[in-house]
Amino acid sequence: MTVRQRFERDPADIITLQQHILEQQRSHPTATGEFSWLLTGVTFATRVIEAQVRRAGLLNVLGGIGQANIHGEDVQKLDVLADKCMIKFIRYRGCVGIMASEEQKEPIVVKDDPAEGKYIVLFDPLDGSSNIDVNVSIGTIFSIFKRATPPEPRRTIMEDLLQPGTQQLAAGYVVYGSSTVMAYTTGQGVHMFTLDPMIGAYILSRENVRMPEDGKIYSVNEANYASFPKGVQEYLSWCKSKEAGPYTSRYIGSLVADFHRTLLRGGIFLYPATAKDPGGKLRLMYEANPMAFLAEQGGGAASDGQSRILDKQPKALHERTPLIIGARPDVDRVLSYLRR
Ligand code: FDP
């Protein structure tokens, strides 16, 4: 029985995100419950953000604040609000030691002692800022790691933070789209929950999502075509060929929304190196890594064109990376063009 059929048959049969997280926790006999408590903090923050996003035109939250962030991008009022919500509601979960946000230059140390604050939460509080004022889908992305705790030797804050994506305990996103959907993984598949505004809770809507391997969509900002690597240009020409099918093109310009579609419909999303961003535009630690974890858990793949995203050893908190992410056959095909 599908999730929807179950809901229609008996509304009391629904599974909330909280129940789902607790169920997953039960499969780890040594779990203390702290991690589940932390995850529900993240989801609560996104509900507060979503309430602001949904009323954006009515409240005084649209437009910029007239300042640029550390990446040189104009900061929007909703960026600031979302950042505040994430910091506040995650910090109070007690077990968090370090947080890092796209909007903050430096990491936020909540508890210096790793024995007291053993988790690290990285996030992009509001992804797709350029879409805020025009009512196009935006989102929140998060990634959770664990710090080195005794008896492991103590690490500095930066050493704790700069772990490769393979070490993620959990990752997910919320897309504020035609409905509000959260997708998350703890390494046991990808599960999606739709926010039911009548109940005020995220309700399971898709379990164990698998990325289709026969999707025919490519997603890229083709305005940058002239400065893409030659292999990417050739791949895009192939997408338009008779041999390819042909593919269709979709580009929203919010990573969360573009990735969400790719997870559900297959195909590929690319943000390669460009003349403007020779190292790629997207951030490794709180954009590419969490999406790569979700992609792999859904049967897909993610690469920077040379190596697997999750294997990359980060050198800086706000490091950027090229990103090629989607169904495995599509990612493999791009890589084969890049190797030619
Ligand atoms: P935005 O600049 O609007 O915040 O990383 C940010 C991001 O959006 C992604 O969400 C999106 O995929 C990408 O940048 C869009 O970049 P372009 O405008 O260069 O296409």
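The values are calculated or read from the model by the stated rules, or taken from the named source; none is laboratory data. Quick caveat: nothing in here was measured; it's all calculated off a predicted structure. With ideal geometry, Cβ positions are generated from the backbone for all residues, glycine too; neighbour counts draw on all protein chains shown. Ligands, DNA and RNA are stripped out before the accessible areas are found, and what is left, the full protein with its side chains, is counted by its heavy atoms. Shrake-Rupley method; radii C 1.70, N 1.55, O 1.52, S 1.80 Å.
So, in region 208-221, of the ones that are touching a helix residue (DSSP H, G or I) at 6+ places or on another chain (Cβ under 7 Å) and of a type outside the set (Val, Ile, Thr), which residue ends up nearest to the ligand (Cβ to nearest atom)?
Only one residue fits best here, namely Ser219.
Would it be correct to say that Glu159 is modelled with pLDDT of 95 or more and more than 16 Å from the ligand (Cβ to nearest atom)?
So Glu159 passes the test.
Take the residues in region 223-246 that are among the small types (Gly, Ala, Ser) and open to solvent by 60 Å² or more (accessible area, probe 1.4 Å); name whichever of them is farthest from the ligand (Cβ to nearest atom).
So the residue we want is Ser237.
Can you pull out every residue in region 109-135 that is at positive phi and within 13 Å of the ligand (Cβ to nearest atom)?
Once the filter is applied, which keeps residues that are at positive phi and within 13 Å of the ligand (Cβ to nearest atom), region 109-135 yields only Gly128.
Criterion first (in contact with a Pro (Cβ under 9 Å, 6 or more places away or on another chain) and either farther than 30 Å from Gly57 by Cβ or of a type in the set (Ser, Thr, Tyr) (or both)) does Thr156 satisfy it?
No.
Give the residue that is surrounded by the most Cβ atoms within 10 Å (Cβ to Cβ), with candidates limited to residues of region 110-149 that are free of Cβ contacts under 8 Å to residues at least 40 places away in the same chain, of a type in the set (A, V, I, L, M) and part of a loop (DSSP other than H, G, I, E, B).
Going through the qualifying residues, I end up with Val110.
Please go through (1) open to solvent by less than 40 Å² (accessible area, probe 1.4 Å); (2) within 15 Å of the ligand (Cβ to nearest atom); (3) within 17 Å of the chain's Cα centre (by Cα) for Lys281 and return the number of the only condition it doesn't satisfy.
Exception for Lys281: condition (1).
Hey, which of the strands (runs of 3 or more DSSP E) in region 155-210, taking only ones fully inside, have at least 3 residues that are open to solvent by less than 10 Å² (accessible area, probe 1.4 Å)?
In region 155-210, 170-176, 180-185, 191-196 are the strands (runs of 3 or more DSSP E) which contain 3 or more residues that are open to solvent by less than 10 Å² (accessible area, probe 1.4 Å).
Given the residues Ser303, Ser249, which is the only one that is over 30 Å from Ile98 (Cα atoms), modelled with pLDDT of 95 or more and more than 12 Å from the ligand (Cβ to nearest atom)?
Every option except Ser249 fails the conditions.
Are there any pairs, at least 6 apart or on different chains, whose C-beta atoms fall under 7 Å, with the first in region 62-81 and without any contact (Cβ under 8 Å) to a residue 60 or more places away in the chain and assigned by TED's automatic domain parsing to the domain that holds Lys281 and the second among the basic types (Lys, Arg) and open to solvent by 30 Å² or more (accessible area, probe 1.4 Å), and if so, which?
Correct list of pairs: empty, since none qualify.
In the list Thr194, Thr180, Thr186, which residue meets the criterion of being more than 12 Å from the ligand (Cβ to nearest atom), among the hydroxyl-bearing types (Ser, Thr, Tyr) and at pLDDT below 95?
Result of the check over Thr194, Thr180, Thr186: Thr186.
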